[in-house]
Amino acid sequence: MKRIISILALSILSSCALVDAYLMTHYDPNEYQAITSIRAEAQLFKSQCDDPVLSQANAVKVATDTQYFVLYSEHIPRNDDLISASKDLHAIAQGLADQYSKAKVSPAFCKIKFTSVETSADRMQTVISRRPR
Amino acid sequence: MSVEQHQQALLESYNGSVDPTVQESAHTANQYTEMFKSGEINKDEYIEMMQDIVRVNNINRSMDNMQVMEHMNTAINGLINLASLV
């Protein structure tokens with residue numbers, strides 16, 4: 001019986017996707033901490049959008065932290081989906097910081113941008129938390 | 001094509017698709033277009049927000065892939081644990 005199950009497991013593992021799934025990146029508390037910080041910041045900063053001076057500094061802070069998250073993730077093996085998501089998250093955050101450096105930013109735009117960062121970080125945090133231990 | 005014609009096309013995407021992602025994206029794009037038309041956001045902000053719809057969809061797609069992999073990992077490890085117990 002043991003041999004049959006082992007053969008079955010091995011034959012299933014011959015599929016590439018299953019090998020990728022078996023060898024997938026495990027839970028990393030630093031990665032989880034980084035995405036949690038980004039989510040918490042965005043949640044707080046969206047309530048401060050009526051203050052343009054503070055919000056500009058907030059936008060730079062989130063852009064810096066999302067860039068850190070990209071750099072942290074990008075050399076972890078078998079992590080393509082998270083690397084791709086982290087780059088998109090950074091692009092969302094950087095877009096807000098760039099607008100502040102170019103012109104006056106409307107509070108509505110600021111709130112929507114921080115909300116996008118928050119909801120995306122929330123989704124990423126959920127998935128990261130369920131990585132295999 | 002005018003802004004209204006583009007909005008009509010968005011509305012048709014919204015009504016014509018059963019995919020919740022397409023529906024949500026079309027709804028969000030329509031909402032941003034209304035904000036732009038009312039002057040609540042400027043042109044640069046509008047363009048950036050429309051690009052964010054694509055970015056958020058990309059993030060969700062990547063997270064969907066990771067969730068599938070996590071479920072498969074659990075199933076494979078379950079099989080391996082089962083094999084080691086027999």
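The values are calculated or read from the model by the stated rules, or taken from the named source; none is laboratory data. Because the structure is predicted, anything quoted here is derived from the model rather than measured. Cβ placement follows ideal geometry from the backbone for every residue including glycine, while neighbour counts extend to all protein chains displayed.
Listed values, structure above:
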| item | result |
| --- | --- |
| Residues satisfying the stated conditions in region A:101-113, i.e. in a helix (DSSP H, G or I) and within 11 Å of chain B (Cβ to nearest Cβ) | A:Lys102, A:Pro107, A:Ala108, A:Phe109, A:Cys110, A:Lys111, A:Ile112, A:Lys113 |
| Cross-chain or 6+ apart pairs with Cβ under 6 Å, region A:1-30 first and more than 7 Å from chain B (Cβ to nearest Cβ), then loosely packed, with under 10 Cβ neighbours inside 10 Å and modelled with pLDDT of 65 or more | A:Tyr27/A:Arg133 |
| Conditions (1) part of a loop (DSSP other than H, G, I, E, B); (2) more than 16 Å from the chain's Cα centre (by Cα): number failed by A:Asp98 | (1) |
| Number of positions in region A:46-97 that are more than 10 Å from chain B (Cβ to nearest Cβ), of a type in the set (Val, Ile, Thr) and under 21 Å from B:Met63 (Cβ atoms) | 4 |
| All positions within region A:85-128 that are hydroxyl-bearing (Ser, Thr, Tyr), free of Cβ contacts under 8 Å to residues at least 60 places away in the same chain and surrounded by fewer than 19 Cβ atoms within 10 Å (Cβ to Cβ) | A:Ser101, A:Ser106, A:Thr119, A:Thr126 |
| Filter result (without any contact (Cβ under 8 Å) to a residue 24 or more places away in the chain and among the β-branched types (Val, Ile, Thr)) within region A:32-80 | A:Val53, A:Thr64, A:Val70 |
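Each row is one residue, and each column tells you yes or no for (1) of a type in the set (Phe, Trp, Tyr); (2) more than 18 Å from A:Gln67 (Cα to Cα); (3) at pLDDT 95 or above.
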| site | (1), (2), (3) |
| --- | --- |
| A:Ile12 | no, yes, no |
| A:Leu18 | no, yes, no |
| A:Met24 | no, yes, no |
| A:Tyr27 | yes, yes, no |
| A:Tyr32 | yes, no, yes |
| A:Arg39 | no, no, yes |
| A:Ala42 | no, no, yes |
